[in-house]
Amino acid sequence: MRWSVGIAWCAVGWSMTGCTLLPLGGWRNSEPAVRPSPLGHGLTELRAAFHVHCNLSHDSPGSIETIARAAKYLGIDTVILNDHYAWGNISRAPRGMQHGVLFLPGVELRAGKKGSILSFDVKEDFSNQLTPQERVREMSRQGAVSFLGHCEELEDWSLSPVQGFEVYNLHAEFTLKSKWSIAWRFLFLPPDCFFATSITTPTDNLHSYDRELGRGRRLAALAGHDAHANVRLFGPLGGTIGTYPEVLRLFSNHILVRDWSVEGVVEAVRAGRTFVVFDYLADGTGFAMSYGSLHGAPDERAILGDEVKHDPSAHLQVSVPETTDSTPRIRVIEGGREIAVVNAWRASLPLERPGVVRVEVYLGKRLWIVSSPIYITPSAPISSGA
Ligand SMILES: [Zn+2]
């Protein structure tokens, strides 16, 4: 009897302290989002995983069914695939509803020595011999959407045309950090805690994002899960870390669509109606950012992704869902410069001048929400002498 009690306590102790190998991760932390957006305009808010690899990639064993099951469990309704490319992949990739989840086929292509081009809604196979710039043009010819990816190491920023920017990539946390920092947390923390404590604010990426926006580019923000479910510590015996549920639960991309379909997602991302939520902190569904007259109806206000003329009497309004006990910190950023900080669930402020305006929301020191910008242009043409 004493032995059995001792063994039971040992098992409890082991499971309480870790390690990441124990199959105790991937817990649900958000509700499905497919719901009307508080921003109006007839928009629906989706929760999407982006930069997901399935078994069309040489380095991922994940079946579409496995990914769909994980996504559904976590309230993620849309999955954007970005598989490593091999001839034939595009015709084999799922496009549309699979097991109750919307899938968009896509590819991850090399952007030179470092960095990636992440394209989705790719329609047909293409030559693997193209240069990075030719690849981007080929994606554009096919009507696909392209993102600058792995921006923490990207070298060629001239690739064009692109419509988005991967502001965060989970994989980068493990390539840029000290191996010791990873090792001790891996050994002593359960998986969800291990991955949550791995996430840091992508400060350099956000600076690069502002720089590229400052060059006049229109770029939607998405965060890349870079999910492969391919790290098997004991080979065929198992011990997979970074399973789809463990990775997809950490954050999600909220896309405001007119229609929950491949075409609807593509239109919304091209229009810049996206924001990123780090769900491991709290559910951010319902975050809203708009610009316009204080007394105007929601449908009359400009929202993220929109271009609108500057109006000194108009207000930028930000609203954060009250899903945590701690008060959030809302940072308003214009042209890479912090122009306001508000510790509250809501912010309303006039803007002194036109500019590219986006918002970051923090809980304590941790980044919770990142929005795509609103593009506020001068109310009157600037004379050439100005
Ligand atoms: Zn990848």
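The relative contact order of region 287-380 comes to 31 percent, based on Cα pairs under 8 Å that sit 6 or more residues apart.
Sorting the Cα pairs of the chain by distance into bins of 20 Å, from 0 upward, gives 28, 57, 14, 1, 0 percent per bin. When exposed loop sites are taken as chymotrypsin sites (Phe, Trp or Tyr not before Pro) in a DSSP loop with at most 14 other Cβ atoms within 10 Å, the longest stretch of the chain clear of them is 235-386. Per-residue ellipticity at 222 nm computed for the chain from its helices equals -7000 deg cm²/dmol, with DSSP H segments shorter than 4 residues left out and the rest contributing -39,500 (n - 2.57).
Each principal axis of the Cα atoms in region 59-166 has its own extent, and those three values, largest first, are 39, 28, 25 angstrom. Think of each Lys and Arg Cβ as +1 and each Asp and Glu Cβ as -1; about the Cα centre, that makes the dipole of the chain roughly 540 debye.
Considering only alpha-carbon pairs that sit under 8 angstrom and 6 or more positions apart, the relative contact order computed for region 31-280 is 21 percent. Beta-bridge orientation, the chain: approximately 75 percent antiparallel, per DSSP, counting only bridges with both partners inside.
So which residue, out of G364, G115, G336, gets the largest mean-square fluctuation from a GNM of the chain using Cα contacts under 10 Å as springs? Greatest mean-square fluctuation among the candidates belongs to G364. Dipole of the chain computed with +1 at Lys/Arg Cβ and -1 at Asp/Glu Cβ about the Cα centre; of A86, V247, S348, farthest Cα towards the positive end is V247. Per-residue Cβ neighbour counts within 10 Å put C54, C193 in the sequence C193, C54, beginning with the fewest. Summed over all non-identical Cα pairs, the Kirkwood treatment of region 287-380 gives a radius of 13.4 Å.
Farthest towards the positive end of the charge dipole of region 258-336, among the residues V265, G336, V276, is the Cα of G336, using unit charges on the Cβ of Lys, Arg, Asp and Glu. Net charge of the neighbourhood of Y362, taken over other residues with C-beta under 11 Å away and scored Lys/Arg +1, Asp/Glu -1, is +3.
Between D311, D121, D283, the GNM of the chain built on Cα springs shorter than 10 angstrom shows D311 fluctuating the most.
Among the GluC sites (Glu not before Pro) found in region 64-138, those both in a DSSP coil and sparsely packed, with 10 or fewer other Cβ atoms within 10 Å of their Cβ, are E124.
The numbers here are math on the coordinates, done by the rules we state, and not lab data. What you are looking at is a predicted structure, and each value in this text was computed from that prediction instead of being measured. Every residue, glycine as well, gets a Cβ built from its backbone with ideal geometry; the counts of neighbours run over all protein chains shown.
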